[in-house]
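K.L.:
Pasting a structure here, questions to come.
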Amino acid sequence: MSVACGFECVVVLGCMRWVWKRCTYIGNDDSATWPPATYDEFEPIPRLCRTILAVYEDDLHKPKFAPEGGYRLNPHWAVKHVAYKETLGNAPPYLIYLDHDNHEIVVAIRGLNLVKESDYKVLMDNKLGKQMFDGGYVHHGLLKAAIWMLNKESETLKKLWVENGKSYKMIFAGHSLGSGVASLLTIIVANHGDRLGGIPRSLISCYAVAPARCMSLNLAVKYADIIHSVILQDDFLPRTPTPLEDIFTSVFCLPCLLFLVCLRDTFIPEGRKLRDPRRLYAPGRMYHVIERKFCRCGRYPPDVRTAIPVDGRFEHIVLSCNATSDHAIIWIQRETEKALARLKEAMSAEAPTAPPPVQKIVRQHTLEKEHKKALERAVTLNIPHAVPTDADEEPSAHKAEESSRGVTTEATSLVEGASTSTDHSTDARANWNEVVEKLFTRDEERKLMNKEESSSSTV
């Protein structure tokens, strides 16, 4: 009897400890050990949040939902504003904006529209779990949307980059659903910049705001030098390993879903999560905006921390009443504006120890070292399909050489109704379905490899 009572006490104490740890876990804990971000690297983020918000407008000349201070965009520099009636359900609405002030070509993609069936179709089309893409796994529906956008807009982007002296940066930015599309657009363009006039990787960037989990861990770390994720404190989406289609079909009982996911993940070891090659993660380098503190009421002046985490990459659900509100683009835009103002004040308050150009060079070297260490950390932890830094450069060079020779491969169409394969040397318009096919892993018979085959081949 005493043994049974003792066992019950242990179980009760264990449950109480779990409840205490889960209820006291806050978003601040995810980035507690990360270093602060600098003004220069964070400066584009509020501006791009405003550009994403501008996608929601019908007419930029007469905005109806402008944030405080306005969009600060020149409506005459908006090259294309594509709505749902033009995307035909293949991708979310987007805006192509030529920013002459900052020498940038910006492709801004809006987030999920809860009343649009086409957005749910993109989310629920996730069948790529059994075939590899660029050495990892990605969300199939988001990949198809990215390919559709490239088929439609690649010539426009190429023309803009060439006509502006081949010196402008090309930036893909998106929120929520759009962040996944933007991230996969970036991967494709980074591997095949020759299709857009030869734009180098150094001029390609992506900013995923409130990012969706859209790629496997090895890809998330591999492209951390060009993909940047922005997360407002307790945002639920980057932390939820549940497939996107399950999250948004359960949006009306989302708190219950998040609690059950939190309970389930308690019993999954961290090592098992890392070894799952099909588990998707938020992409790239993380910028975590912190504005609330434990057992404190109200919002505080926001701080920004940044890192390229490998293990502990926003793996814990935060049981917070702000988990959904922190996902809203309007709140992210407001808080990033405040955070940037704080960073600017801190920079001006510090005594200048070195000229600004020298500081930028030093910070750039620091970012490169952080990326290299993250890649090495992924190899150390035996992350599936992670490659060392020296081996990472070889595939990119091989793909560039292969693309320049105009090699065509057997293409299985990823977008329904795609055009027939043609010789790249004579076709002026790139068929991105064929281009992306080169990033899929195939066996010796040129068939797509599934999970089991690819796993056995790497052993």
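K.L.:
Tell me which residues, restricted to the range 167-183, are closer than 17 Å to Gln333 by Cα, in a helix (DSSP H, G or I) and not polar (S, T, N, Q).
P.N.:
Passing the criteria: Leu177, Gly178.
K.L.:
Return the residue satisfying two criteria in turn: it lies in the range 100-128 and is β-branched (Val, Ile, Thr) and closer than 21 Å to Ala54 by Cβ, and of such residues it is surrounded by the fewest Cβ atoms within 10 Å (Cβ to Cβ). If you could, list the steps in order and put the result at the bottom.
P.N.:
Start the filter on the range 100-128 by keeping residues that are β-branched (Val, Ile, Thr), which leaves 105-107, 109, 115, 122.
Then keep just the ones that are closer than 21 Å to Ala54 by Cβ; that gives 105-107, 109, 115.
Values: Ile105: 22, Val106: 28, Val107: 27, Ile109: 29, Val115: 7.
Going through the qualifying residues, I end up with Val115.
K.L.:
When you go through Val289, Val310, Val318 one by one, which is the residue that is modelled with pLDDT of 90 or more, assigned to a loop (DSSP other than H, G, I, E, B) and of a type outside the set (Asp, Glu)?
P.N.:
Details: Val289 fails: assigned to a loop (DSSP other than H, G, I, E, B); Val318 fails: modelled with pLDDT of 90 or more.
Checking each option against the conditions leaves just Val310.
K.L.:
For the range 136-186, how many residues meet the condition of being open to solvent by 10 Å² or more (accessible area, probe 1.4 Å), within 14 Å of the chain's Cα centre (by Cα) and modelled with pLDDT under 95?
P.N.:
Final tally of qualifying residues: 0.
Condition check ((1) β-branched (Val, Ile, Thr); (2) surrounded by 16 or more Cβ atoms within 10 Å (Cβ to Cβ)) across all residues:
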{"site": "Gly70", "(1), (2)": "no, no"}
{"site": "Val82", "(1), (2)": "yes, yes"}
{"site": "Thr87", "(1), (2)": "yes, yes"}
{"site": "Ala91", "(1), (2)": "no, yes"}
{"site": "Tyr94", "(1), (2)": "no, yes"}
{"site": "Leu98", "(1), (2)": "no, yes"}
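K.L.:
Here's a follow-up. Identify all residues within the range 43-68 that are free of Cβ contacts under 8 Å to residues at least 40 places away in the same chain and open to solvent by 20 Å² or more (accessible area, probe 1.4 Å); write none if there are none.
P.N.:
Residues of the range 43-68 free of Cβ contacts under 8 Å to residues at least 40 places away in the same chain: 57-66.
Across the range 43-68, the qualifying residues are Asp58, Asp59, Leu60, His61, Lys62, Pro63, Lys64, Phe65, Ala66.
K.L.:
Tell me the helices (runs of 4 or more DSSP H) entirely within the range 61-166 that contain at least 2 residues that are touching a Pro at 6+ places or on another chain (Cβ under 7 Å). So that I can check it myself, show each step before the final result.
P.N.:
Values: elements: 84-87, 117-124, 140-163.
Once the helices (runs of 4 or more DSSP H) in the range 61-166 are filtered for at least 2 residues that are touching a Pro at 6+ places or on another chain (Cβ under 7 Å), what remains is 84-87.
K.L.:
For the range 259-286, name all the residues that are modelled with pLDDT of 85 or more and open to solvent by less than 20 Å² (accessible area, probe 1.4 Å).
P.N.:
Passing the criteria: Tyr281, Ala282, Pro283, Gly284, Arg285, Met286.
K.L.:
For residues that are over 22 Å from Ile383 (Cα atoms) and in contact (Cβ under 8 Å) with a residue 40 or more places away in the chain, scanning just the range 296-316, find the one that is surrounded by the most Cβ atoms within 10 Å (Cβ to Cβ). Break it down into steps so the answer makes sense when it comes.
P.N.:
Initial filter on the range 296-316 (over 22 Å from Ile383 (Cα atoms)): 296-305.
Those left that are additionally in contact (Cβ under 8 Å) with a residue 40 or more places away in the chain: 301-305.
Numbers: Pro301: 12, Pro302: 21, Asp303: 16, Val304: 24, Arg305: 18.
Among those that are over 22 Å from Ile383 (Cα atoms) and in contact (Cβ under 8 Å) with a residue 40 or more places away in the chain, it is Val304.
The values are calculated or read from the model by the stated rules, or taken from the named source; none is laboratory data. A quick note: this is a predicted structure, and the numbers were derived from the prediction, not measured. Counting neighbours? That spans all protein chains shown, and the Cβs are built from the backbone with ideal geometry, glycine included. For the accessible areas, the whole protein counts, side chains as well, though only heavy atoms, and no ligand, DNA or RNA atoms are used. Shrake-Rupley method; radii C 1.70, N 1.55, O 1.52, S 1.80 Å.
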